[in-house]
1. From B:GLU100, B:GLU126, grab the single residue that is of a type in the set (Asp, Glu), more than 9 Å from chain A (Cβ to nearest Cβ) and closer than 14 Å to B:ILE155 by Cβ.
2. I'm trying to understand the selection: among the residues of region B:195-207, which are of a type outside the set (S, T, N, Q) and modelled with pLDDT of 90 or more?
3. Answer yes or no as to whether A:THR128 is among the hydroxyl-bearing types (Ser, Thr, Tyr), farther than 30 Å from B:GLY109 by Cα and in contact (Cβ under 8 Å) with a residue 40 or more places away in the chain.
4. Would you tally the residues in region B:209-225 being at pLDDT below 90 and crowded, with 23+ Cβ neighbours inside 10 Å?
5. Among A:SER177, A:SER159, which is part of a helix (DSSP H, G or I), hydroxyl-bearing (Ser, Thr, Tyr) and more than 14 Å from every other protein chain (Cβ to nearest Cβ)?
6. Quick one: which residue in A:THR172, A:THR134, A:THR155 is surrounded by 15 or more Cβ atoms within 10 Å (Cβ to Cβ) and without any contact (Cβ under 8 Å) to a residue 24 or more places away in the chain?
7. Does region B:63-84 hold any residues that are part of a helix (DSSP H, G or I) and surrounded by fewer than 20 Cβ atoms within 10 Å (Cβ to Cβ), and which are they?
Amino acid sequence: MLKDITLGQFFPGDTIAHRLDPRAKLLLVVLFIVALFQARGWVAYGILTLVVAVCMRVSHISGKNIFKGLKPMIFIIALTGVLNIFYTDGTPILPGWIITWEGIARAIQMVLRIVLLITGTFLLTYTTSPIALTDGLELLLNPLKKLRFPVHEMTIMMSMALRFIPTLIEETDKIMSAQKARGADFETGSLMERAKALLPVLVPLFVSAFRRADELAVAMESRCYHGGEGRTRMKQLIFAGRDYIALALGILLLAGIIGLKKLGL
Amino acid sequence: MSEIIVEKLRHVYSAGTPFEVAAIEDIDLTIPQGQLVGVIGHTGSGKSTFIQHLNALLSPSSGKIYCGGQDINESKLSRRDVKHQVGLVFQYPEYQLFEETVYKDIAFGPKNMKLSQEEIDQRVREAAGFVGVEEELFEKSPLELSGGQKRRIAIAGVIAMRPGVLILDEPTAGLDPLGCRQILDNICAYREKTGATVILVSHNMDDVARIAQRIIVFSHGRVVMDGSAGEVFSRAEELIAIGLDVPRATALAMALKKQGMALPDGIYTHEQLLAAVLENRGAGTC
């Protein structure tokens, strides 16, 4: 039930996509998103869809897993599609109808854009462990340290939050089971009743989250954690040939899409 | 009345993903009303998955479970009813306390059963009595009590539903020896008074050996042994091989046998060991 949440889930593997440097992957996703928003014509959308399909293939991520991740977004995606169908001017598909050919085309493109956007970012989180991801982010944001931006603190908070999502989900599951065993009912009743029914879950969950936070702080301090100053890494991130090639391909993709936009394709 | 019959039970976690694992397989068991059953197994042996099937918290991937002749997964209603019949106390139950007062927390289960106010009051007092929680504590917040008291209140919260089958997952984990003994005594007292079936999951072999009439051993998702304490602990080497402990008396008996003392198999209490050693001395071999 709750365990099915795929948010930020990592599927371990040993493909080229898994081995890429997290910094390269982060930059690639940024390039991909920019390219996605530059796409205007069908040719550009076709190329981007193909790129995503190839990336899925290369990283051994099945369509089923992507679909599972898209599920919570289905409402937004459907709404975008419907609004675009009805609110675009152009030639009506039948005389007197509000629906236009342009509207249908736009709706398809918009839905495709959202789906590709989500899929692209999923490919990043599915193939990169949370630790590698935050490490990569910290190094990429390092220049901001000059502006006194607390990069290290921010990324350590992020990795801790990511680290504790599964723990808290598991804990929630356990508490829910225990209260269900005492006859608690989370599935029926009005909205108000259901909200109230969550109290027996939330109170113990908060109590344990605070306890955990305390224990974590003690554990970190007793291992002499004192912030980012002078801290070294066990796993150094090194840019390899494949990372440069991947980045070059990403830049090429963006340039190509912008070129297509100029050509109106 | 609430005899439990488990047929060909199998449960698979995360079916259809790379993380797929069969947690339990091929479980066939009958637990008659009133029996006190000990369930032992290493971490990840499937015993927790198994007990969560008995009150329909988990649904089997295949197989059936009957409680008092009723297929518990037949309908939504039967899945709810079985939770009233089969009380499950999770590991570290004190982490599930949430109400402002001890009284309200114990009353949570009976209240969910939609009982009358008097009935609830009667059951709360009765359950508190079983676990030895005094009425002075009723108006206190459960969060400000000691660990042992919290645990007893949490167990009372399940007992207050008057389950015909009481399942406890590691009820003594993390308690001091006195707390352990008290909780086990409370559980035995509940069973004697109500005739309930008790299923006790534990890592503590001495506890299990002392009170269980029957011991079921899980390993890698299957039942590998099922019998009386004497039968199970006479296969001490096998138990150790699958990563489990044996009662202290059994371990001592094994050590003595290695030294050449002729002792019978299946010793699991200190009394048995003492008797066997004395007999041995009478025979003059030592």
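The values are calculated or read from the model by the stated rules, or taken from the named source; none is laboratory data. Computed from a predicted model, the values in this text were never measured in an experiment. Cβ: placed from backbone, ideal geometry, glycine included. Neighbour counts: every protein chain shown.
1. Numbers: B:GLU100 fails: closer than 14 Å to B:ILE155 by Cβ.
When all the criteria are applied, what remains is B:GLU126.
2. Looking only at region B:195-207, we keep the residues that are of a type outside the set (S, T, N, Q), and these are B:195-196, B:198-201, B:203, B:205-207.
Scanning region B:195-207 gives B:GLY195, B:ALA196, B:VAL198, B:ILE199, B:LEU200, B:VAL201.
3. Values: among the hydroxyl-bearing types (Ser, Thr, Tyr): yes; farther than 30 Å from B:GLY109 by Cα: yes; in contact (Cβ under 8 Å) with a residue 40 or more places away in the chain: yes.
Answer is yes for this residue.
4. Qualifying residue count for the region: 1.
5. Values: A:SER177 fails: more than 14 Å from every other protein chain (Cβ to nearest Cβ).
The match here is A:SER159.
6. Working: A:THR172 fails: without any contact (Cβ under 8 Å) to a residue 24 or more places away in the chain; A:THR134 fails: without any contact (Cβ under 8 Å) to a residue 24 or more places away in the chain.
It is A:THR155.
7. Of region B:63-84, the ones part of a helix (DSSP H, G or I) are B:76-84.
Result: B:LYS76, B:LEU77, B:SER78, B:ARG79, B:ARG80, B:ASP81, B:HIS84.
One line per residue, one yes/no per condition, for (1) within 10 Å of chain B (Cβ to nearest Cβ); (2) assigned to a helix (DSSP H, G or I):
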| position | (1), (2) |
| --- | --- |
| A:ASP185 | yes, no |
| A:GLU221 | no, yes |
| A:GLY230 | no, no |
| A:GLN236 | no, no |
